[in-house]
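A short write-up of the structure that comes next.
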Amino acid sequence: MLLLLVAAAFAGIYRVDVLDIGQGDAILIRSPAGKTVLIDAADRGVDVVGQLKREGVSRLDLVVASHPHADHIGSMQTVIEAFTVGTYVDSGLPHTTQTYATLMAAIEAKGVAYRSALVGQSFKLDDGGVLDVLFPAGIPLKDTRSDLNSNSVVLRLSHGEDCFLFMGDAEEPTERALLDAGLDSCDVLKVAHHGSNHSSTPAFLAAVKPRYAAISVGAGNRYNHPGTETLERLTHSGATLFRTDRDGQITFYSDGKDIRVVSAHGQAQAMEPVLTVERVPVLADASPRPSGLPGLPGAGVKPALPPLPFAPPVAAKPAEPAAEPAAACPYVGSQNGAVFHGPDCAVGAKIYEGYRVCYVSRQAATAAGRRPASCCDP
């Protein structure tokens, strides 16, 4: 009887892992029924696939790349190739790197459904959990310190009364746009840009009022992340701070009413009833019954999961300049890029119109100093 009461008390547990992958980001979300979401995939050479498999992951229903810098998509290609992926979402802004080009080629080769993130999109999980896109808003921010960082995909996971905010590498212009749009408080803040001083402004933290803050950062990194100013601001906000360079993998458990935090190195903040845990456990499976909390029963075979439902945006996308006909724009490049793409290239088709540069011929593109993109070899 006691066992049944404990199991019932923890029914409907969401688990959010900030993986310990060094200087970069990789976040795994698991729902009570076993839906899986991966946000970012660390830098090149990091064994993200191995970490996910050790966590019992066999399928990813949703994969989100917050932005195309290597410390967020460096190992994404291996993830795409290793798992069945339901939907892939990114900021919609391309990058000029080989890492980005080969990733997009892998997504196309595997036939993974692709969507550009847009405010108002909602990914419905289970047990009432919803992952909402808060940014980008349709027209990219320009002339910022880093346009790719500032246009990061920002996500909010809501589960009952609990809330998680995932910021990618968003910086002050992004935070200002979110505040202008109206930003609610949130229990857990996945701190932007590895704790850089360019993010987590006082106004932003005052609006979010996080109970917990998690920084994904590599020990002794050359960027000196996290920044001293950001650490002071987070301390002043009253949030309990966790860092992967100090605490290892950080795991949050949400029952919809309260949040429990466990770190791989033993630090824990518990919700009632208190359970003693020293290390983050490996989740062997994700059947509908188990809560995901250590020490509770529920081993079984993970059921086959349908594709993640996708709700269309609740707000219309802002008007964009009309695309030029393919005949008038057979070869395209990005405004700040070094390569050009052919008319049938899926990567070239993703380039936002405001950044697109058109060339009437291959010769015109090469004369402008562009080289052919390796993903399509135009």
(message) What's the number of the only condition in (1) out of contact with any helix residue (DSSP H, G or I) (no Cβ under 9 Å at 6 or more places or on another chain); (2) modelled with pLDDT under 95 that TYR223 fails to meet?
(response) (1)
(request) Restricting attention to the range 171-190, report how many residues are under 20 Å from SER237 (Cβ atoms) and either touching a Cys at 6+ places or on another chain (Cβ under 9 Å) or in contact (Cβ under 8 Å) with a residue 60 or more places away in the chain (or both). (result) 6
(message) Filter the range 107-128 down to the residues that are more than 26 Å from HIS194 (Cα to Cα) and in contact with a strand residue (DSSP E or B) (Cβ under 6 Å, 6 or more places away or on another chain) and list them by number.
(response) ILE107, VAL112, ALA113, TYR114, LYS124
(request) Would you confirm whether any residue within the range 43-53 is in contact (Cβ under 8 Å) with a residue 40 or more places away in the chain and crowded, with 20+ Cβ neighbours inside 10 Å? (result) no
(request) List every residue pair whose Cβ atoms lie under 6 Å apart, where the two residues are 6 or more positions apart in sequence or sit on different chains, the first residue falls within the range 243-259 and is of a type in the set (A, V, I, L, M), and the second residue, located anywhere, is at pLDDT below 95. (result) ILE250/SER263
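The values are calculated or read from the model by the stated rules, or taken from the named source; none is laboratory data. Fair warning: this is a prediction, and the values are worked out from it, not measured in the lab. Here the Cβ is made from the backbone with ideal geometry for all residues, glycine too, and neighbour counts use every protein chain on show.
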